[in-house]
1. Determine whether P107 is without any contact (Cβ under 8 Å) to a residue 40 or more places away in the chain, part of a loop (DSSP other than H, G, I, E, B) and either touching a strand residue (DSSP E or B) at 6+ places or on another chain (Cβ under 6 Å) or surrounded by fewer than 12 Cβ atoms within 10 Å (Cβ to Cβ) (or both).
2. Starting from the range 155-171, keep only residues that are within 12 Å of Q142 (Cβ to Cβ), then list their pairs with residues that are at pLDDT 95 or above and of a type in the set (D, E) whose Cβ atoms are within a distance under 7 Å, requiring at least 6 positions of separation or different chains.
3. Among the strands (runs of 3 or more DSSP E) lying completely within the range 121-183, list those that include at least 1 residues that are among the small types (G, A, S) and either in the same structural domain as N7 (by TED's automatic domain parsing) or surrounded by 14 or more Cβ atoms within 10 Å (Cβ to Cβ) (or both).
4. For the structure I just gave you, tell me whether L62 is more than 15 Å from the chain's Cα centre (by Cα) and touching a residue at least 12 places away in the same chain (Cβ under 8 Å).
5. For the range 1-25, enumerate the residues that are among the hydroxyl-bearing types (S, T, Y) and over 13 Å from the mean Cα position of the chain (by Cα).
Amino acid sequence: ASGTGTNLQALMDDPHVGPHIVVVVSDRPEAMALERARSRGIEALVCSPRDFPDRPAHDRALRDLLLERDVGYVALAGYMRIVGPELIAAFPNRIVNLHPALLPAFPGMHAVEDALAWGVKVTGVTVHLVDEEVDHGPIVAQEPVRVREDDDRDSLLARIHETEHRVFPRAVRALIEGRLRVEGRVVHVEGTEDEEGAG
């Protein structure tokens, strides 16, 4: 997590995901996500790139921190840094990222602004597995968000956040329950929404 931690909060509040969260790591000591985690009794740590000579060293430190805690899966909840190859290799097909657009449209840091600038009528939310390219890995879940004529960045982002808070916990739950089957670029999610609700 890098920011306010609203997506982390959605994960912590989900009864199927929250109990599985063993540590929250941020690259920013001031990230509100850390306080949200501490308030739930979850270990909250800072692993800042400023404390390391280069990106690979930071990546290795982050990997080791997670492996030392027997972390099985990684959810990038607003983490605003590129994840390096050593971390990805340690958690193959076990890292999910949340992106505020319907990938492959509008990758990168300015997805909401880009959607508005292009005048698209629909944008949305994507949860994808992380690979070594930015916003590129196989797609786990997507949900559309309609763009209104009078939308600006803040109004559209507010609706995107609402959608993220629904989609991300469902995708993370499928990951931790072992219900994702990856075939090339295609991710099959086993089980249906009805089956999820029945448990």
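1. Working: without any contact (Cβ under 8 Å) to a residue 40 or more places away in the chain: yes; part of a loop (DSSP other than H, G, I, E, B): yes; either touching a strand residue (DSSP E or B) at 6+ places or on another chain (Cβ under 6 Å) or surrounded by fewer than 12 Cβ atoms within 10 Å (Cβ to Cβ) (or both): no.
It is false that P107 is without any contact (Cβ under 8 Å) to a residue 40 or more places away in the chain, part of a loop (DSSP other than H, G, I, E, B) and either touching a strand residue (DSSP E or B) at 6+ places or on another chain (Cβ under 6 Å) or surrounded by fewer than 12 Cβ atoms within 10 Å (Cβ to Cβ) (or both).
2. T163/E143; V167/E143
3. On the way: elements: 122-129, 139-146, 180-183.
Result: 122-129, 139-146.
4. Values: more than 15 Å from the chain's Cα centre (by Cα): yes; touching a residue at least 12 places away in the same chain (Cβ under 8 Å): yes.
Yes, satisfied.
5. Here is the first cut: in the range 1-25, the residues among the hydroxyl-bearing types (S, T, Y) are 2, 4, 6.
Residue satisfying the conditions is T4 alone.
The values are calculated or read from the model by the stated rules, or taken from the named source; none is laboratory data. Since the structure is predicted, the reported quantities are computational estimates derived from the model, not experimental observations. Every residue, glycine among them, receives a Cβ derived from its backbone with ideal geometry; neighbour counts consider all protein chains shown.
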